Amino acid sequence: MIPATFDYVRPDSLADAVSALSGGGEDAKVLAGGQSLMPMLRIRLASPTLLVDCSRLAELRGISDDGDAIVIGASTPHHDVMHDPLVMAHAPLIARTTAMVADPAIRHRGTFGGSLAHADPAGDLPTVSLVLGAQMVLAGPNGRRTVAASDFFVDYFTTALEPDEILVSVRIPKLGAGWGYDYQKFHRTAQAWAIVGVAAAVRRENGTIAEARVGLTNMAASPGRAATTESALAGAAANVDAIAAAAAHAADGTNPTSDLHAKADFRQHLARVLTGRAVRVAAGV
Amino acid sequence: MARIAVTVDGTAREADVEPRTLLVHWLRDDLGLVGTPVGCDTSNCGSCTVMIDGRSAKSCSLLAVQADGTQITTIQGAANGEWHPVQVAFKDCHALQCGYCTPGMVVAAIDLLSENPDPSEAEIREGLRGNLCRCTGYHNIVKAVQQASELMKEAAK
Ligand SMILES: Cc1cc2nc3c(=O)[nH]c(=O)nc-3n(C[C@H](O)[C@H](O)[C@H](O)COP(=O)(O)OP(=O)(O)OC[C@H]3O[C@@H](n4cnc5c(N)ncnc54)[C@H](O)[C@@H]3O)c2cc1C
Ligand code: FES
Ligand code: FES
């Protein structure tokens with residue numbers, strides 16, 4: 001279908017983009033890669049009055065080293081992120097997960113920041129950014145503020161971004177040596193969204209799991225952490241039995257939706273199975 | 001209306017477009033380049049795939065204004081006097097039946113081979129995961145990409 005009419009601007013600076021967005025009112029929207037927005041415009045699920053194209057803003061593109069963290073510009077395309085040497089060295093979980101997002105053509109246009117701002121409950125990168133302790137840098141008419149990933153994802157397709165704010169960049173702390181990672185995704189067709197996904201980051205110390213972080217995709221309106229599993233893993237032996245015992249709690253306290261892809265109890269089953277797999281890979285077991 | 005300047009299949013074009021015009025509609029309806037079909041409304045099928053600045057993109061999932069300043073190659077620009085090796089291989093391997101997915105499939109395969117000249121079968125299936133074919137069962141498409149890879153390696157020698 002053809003989208004409803006809207007105005008389009010492509011500002012040359014972030015400051016101009018922020019003023020265009022705040023001048024455009026509630027129905028103005030940022031356009032990044034358009035890979036989530038365009039399908040919504042075409043089926044007229046969204047009908048913004050103004051699109052502010054931020055995909056070419058130099059300030060929003062590229063990846064840099066910032067000492068104990070790497071910084072990913074919001075408009076950096078998925079394809080660039082997954083092949084970037086800094087990402088591969090310091091946040092390989094992001095590279096691995098991005099390679100599972102959509103398909104190559106969509107990854108050429110879709111952006112890292114767009115995925116986070118879109119906040120689809122089935123999105124893979126929100127969960128990964130939560131597990132890695134990412135910090136989102138937002139710019140608005142009153143300047144910049146930083147929001148932790150744990151506060152950024154608020155509800156279905158809803159983040160801490162105000163209508164007149166732009167996600168500028170994402171700071172990803174380097175986890176350093178000793179950490180292993182994995183992302184497991186269950187979906188029915190190759191390019192489809194996760195029915196359930198699990199991100200794991202595990203730090204090993206002499207045969208024991210010293211610390212573990214487990215994030216769940218599509219088990220709630222926003223990405224969450226499997227807290228019981230994480231505490232069961234802390235200090236546990238890095239072996240198959242201990243991991244299986246901890247993974248059995250991965251769905252504790254969750255209340256996932258039932259839809260045409262899976263019923264709630266099947267989603268909980270998937271969360272437990274995928275957690276076991278992801279933690280085993282991350283722990284090198 | 002917004003003014004755009006785009007090079008399409010080697011020809012410089014300038015046009016005034018409505019911001020809501022999808023790139024694929026501009027290519028088909030305004031430029032008459034109907035070699036690029038539309039197969040879905042959900043960005044899933046990949047039949048509309050074109051190259052933008054040397055990388056594959058789904059032309060139904062982009063506004064024409066977003067393509068301003070870029071170089072686009074559609075299936076109609078894939079052949080350079082002679083058929084592209086991917087086109088030759090698709091014919092030889094009978095990698096199409098109705099042909100609806102073929103323009104996108106060929107462009108996606110060209111993109112895949114430009115990044116990975118010698119892909120494994122798994123890498124071919126992975127690289128074409130954004131392109132759906134409702135007829136062939138993919139088997140001959142994978143064979144065609146393998147053959148194209150051989151043809152292109154031969155030609156590069
Ligand atoms: C067929 C298909 C399959 C897909 N499969 C997956 C998948 O398996 N996993 C997955 O995670 N994703 C998947 N995606 C989505 C893909 O990752 C998109 O690239 C991503 O969700 C949106 O990024 P974008 O840059 O295209 O954002 P856009 O579509 O441009 O924008 C999306 C939303 O975010 C807002 N926004 C974007 N950038 C900013 C910013 N800098 N500041 C403030 N707001 C902003 C926009 O206003 C809009 O509301 C899929 C998409 C398609 C079409
Ligand atoms: S028409 Fe289906 S992806 Fe473009
Ligand atoms: S040949 Fe018919 S859809 Fe592929």
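Chain B against chain A buries an accessible area of about 2600 Å², both chains summed, 1.4 Å probe radius. Tell me the angle of helix A:264-283 to the major Cα principal axis of chain A, expressed in degrees between 0 and 90 and rounded to the nearest ten. Rounded to the nearest ten degrees, it is 70. Dividing the Cα radius of gyration of segment A:7-53 by its Kirkwood radius returns 0.98 for Rg/Rh. For A:T217, the shell of other residues with beta-carbons less than 12 Å away shows a net charge of +1, using +1 for Lys and Arg and -1 for Asp and Glu.
Its Cα gyration tensor gives chain B an equivalent ellipsoid, and the semi-axes of that ellipsoid, as √(5λ) in whole Å with the largest first, are 27, 17, 13. Secondary structure note: in chain A, about 85% of the DSSP beta bridges are antiparallel.
Remark: spin-label model distance A:A89-B:A15 equals 4.5 nm, labels positioned 7 Å along the Cα→Cβ axis.
Distance between the C-alpha centres of segment A:1-74 and segment B:132-157: 37 Å, rounded to the whole angstrom.
When B:Y138, A:Y156 are compared by accessible area of protein heavy atoms, the largest-first order is A:Y156, B:Y138, using a 1.4 Å probe. What you get for segment A:1-155, charging only the Cβ of Lys and Arg (+1) and of Asp and Glu (-1), is a dipole of about 320 debye around the Cα centre.
Modelled this way, with points 7 Å down the Cα-to-C-beta line, the labels at A:L260 and B:Q97 are 2.3 nm from one another. Relative to the dominant Cα principal axis of chain A, helix A:14-23 is inclined by about 70°. Considering only A:A232, A:V170, A:A190, and ranking their Cα positions along the charge dipole of chain A that arises from unit charges at the beta-carbon of Lys, Arg, Asp and Glu, the one farthest toward the positive end is A:A190. With all protein chains in place and ligands, DNA and RNA left out, the 1.4 Å accessible area ranks A:D151, B:D9 as A:D151, B:D9, largest first. Heavy-atom accessible area for A:D12, with the other protein chains in place and a 1.4 Å probe, reaches approximately 140 Å². Cβ distances below 4.7 Å define possible disulfide partners, and in the protein assembly as shown the cysteines left without one are A:C54, B:C93, B:C98, B:C135. Ellipsoid semi-axes for segment A:1-115, based on the Cα gyration tensor and the rule √(5λ), read 28, 18, 9 Å when sorted largest first. For the protein assembly as shown, the alpha carbon convex hull comes to 152 Å³ per residue, rounded to a whole number.
Per-residue accessible area (protein heavy atoms, 1.4 Å probe) orders A:M40, A:M219 as A:M40, A:M219, starting from the largest.
Over all other residues within a Cβ to Cβ distance under 10 Å of A:P256, the charged ones net out to 0, with Lys and Arg as +1 and Asp and Glu as -1. Charged neighbours of A:V196, selected by a Cβ distance under 9 Å, balance to +2 (K, R count +1; D, E count -1). The modelled label-to-label distance between A:D65 and A:E211, using points 7 Å beyond Cα along the C-beta direction, is 2.2 nm. Among the protein heavy atoms, those of B:W83 account for about 140 Å² of accessible surface (1.4 Å probe, every chain in place). B:C93 exposes around 20 Å² of accessible area when a 1.4 Å probe is run over every protein chain in place.
The values are calculated or read from the model by the stated rules, or taken from the named source; none is laboratory data. Treat the numbers as computed from the prediction; the structure is a model and nothing was measured. No Cβ is skipped: glycine too gets one built from the backbone with ideal geometry, and neighbour counts run over all protein chains shown. Surface areas here come from the heavy atoms of the whole protein model, side chains and all, with no ligands, DNA or RNA. Shrake-Rupley method; radii C 1.70, N 1.55, O 1.52, S 1.80 Å.
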